[in-house]
Amino acid sequence: MPDTLSYRQELARKLIHIASSIIPLSIWYYGMGTMKIWIVSIAITLILLDFGRRYSTILQNIYGSLFLFVTRPIEFKRVSGAAWVFSGAALTILLFREDIVIVSLLVLSLADSAAAIVGLKYGNTKLFQKSLEGSIAFFLTSLVIILSLTSFPLGIQIIAAMTATVSELFSNETINDNLLVPFATAATLSIGTLL
């Protein structure tokens, strides 16, 4: 099995990631009180299934037949991207207020996807383990989301977009960006409410 996915596989993976914007949109439509139990329950279920497939050939086969095309090799031994997305959403929902949660989860869905798509296609300048081009795409996308959906002072909005970008840039296999990005974005915006 190759160490990385092809551009086509990564693109498919990021289209699925963009589709995860259904989480914040559902929160916006139905309210956080209604969606909280569903999102936390899905996060717990996905984590349990990921650990279960380490010990169950049946679960491994089902998972492989459904998600092999968009699964990174390391995810066969660890938690899947989907489990990380729902875990990040659950953590953010449990800690922050609704409007901040919606913005933070949209940043995760859209800015992270923009960074990957631009970085894989045009990323020529290495920036730690990522690319400068991808990080610029992440920053600009997150800034547009934050500017469009919040009324914080411009300085707070820029700092929140920068914090989200830096958290994505320094995320790794131990601290996944699907967990770190929404938390860091929400924490920064929450601090902004106190100023």
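Brief remarks on what is shown
- Under 15 Å, Cβ to Cβ, from Phe183 - net charge with Lys/Arg +1 and Asp/Glu -1: -2
- For region 9-57, the set of chymotrypsin sites (Phe, Trp or Tyr not before Pro) satisfying both a DSSP loop assignment and a count of at most 13 other C-beta atoms within 10 Å is given as Tyr55.
- Evaluated over the Cα positions of region 99-188, the convex hull gives a direction-averaged projected area, one quarter of its surface, of 5.1 nm².
- Ignoring aspartates and glutamates fewer than eight residues from Lys36 along the same chain, the ones with Cα atoms less than 13 angstrom from its Cα are Glu98.
- Loop-exposed trypsin sites (Lys or Arg not before Pro) per DSSP, neighbour cap 13 Cβ within 10 angstrom, longest uninterrupted part of the chain: 98-195
- For the chain, complete DSSP H runs whose alpha carbons reach 20 Å or more along their own long axis and whose mean Kyte-Doolittle score is 1.6 or higher are 32-52, 81-95, 132-149.
- Spherically averaged projected area of the convex hull of Cα atoms, the chain: 11.0 nm².
- Within the shell of other residues whose beta carbon sits under 11 angstrom from the beta carbon of Thr165, the net charge comes to -2, with Lys and Arg scored +1 and Asp and Glu -1.
No lab work stands behind these numbers, since they all come straight from the coordinates. In this text, all values refer to a predicted model and were calculated from it rather than measured experimentally. FYI the Cβ positions are ideal-geometry reconstructions off the backbone, even for glycines, and counts take in every protein chain you see.
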